[in-house]
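Notes to accompany the following structure.
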Amino acid sequence: MSTVTSAKKFFKINSEHSIFQVVPGAPVQDALEQASCFLASSFEVLMNNSEPSELDFAAAHLIEMAKALVDSVTSSLAKDKSGVNHGIQ
């Protein structure tokens, strides 16, 4: 049995309700790969700001660090699953 996601609500609209949720049961490796794509897109948005602020650069570095962690875990999962490193970077 492979590891899968659990339900996780996000985007609170008030103290009691969120309007979005991670769907439970998705393969963790697929979820991590998608998270990496979201982080890469977020980084690009910040770095293509015509007038980036110091906070934009701080956020970009935090995103880059989070993406490196996600990619490292994804790569390890792929290697553990197949016994071969697929070159995920």
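This table checks each residue for (1) within 24 Å of residue 77 (Cα to Cα); (2) touching a Lys or Arg at 6+ places or on another chain (Cβ under 7 Å).
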{"site": "3", "(1), (2)": "yes, no"}
{"site": "8", "(1), (2)": "yes, no"}
{"site": "12", "(1), (2)": "no, no"}
{"site": "36", "(1), (2)": "yes, yes"}
{"site": "40", "(1), (2)": "yes, yes"}
{"site": "46", "(1), (2)": "no, no"}
{"site": "52", "(1), (2)": "no, no"}
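Is there a residue being surrounded by 13 or more Cβ atoms within 10 Å (Cβ to Cβ) and in contact (Cβ under 8 Å) with a residue 24 or more places away in the chain anywhere in segment 51-59?
Taking every residue of segment 51-59 in turn, none turns out to be surrounded by 13 or more Cβ atoms within 10 Å (Cβ to Cβ) and in contact (Cβ under 8 Å) with a residue 24 or more places away in the chain.
Scanning for something of a type in the set (D, E, K, R) and at pLDDT 95 or above, does segment 47-61 turn up at least one residue? Before you say what the answer is, go through the steps one by one.
Of all residues in segment 47-61, those of a type in the set (D, E, K, R) come to 51, 54, 56.
Among the residues that remain, those that are also at pLDDT 95 or above are: none.
Looking through segment 47-61, none of the residues is of a type in the set (D, E, K, R) and at pLDDT 95 or above.
The values are calculated or read from the model by the stated rules, or taken from the named source; none is laboratory data. All figures in this text were calculated on a predicted structure; none of them were measured in a lab. Because the Cβ atoms are built from the backbone with ideal geometry, glycine has one as well, and the counts that use them run over all protein chains shown.
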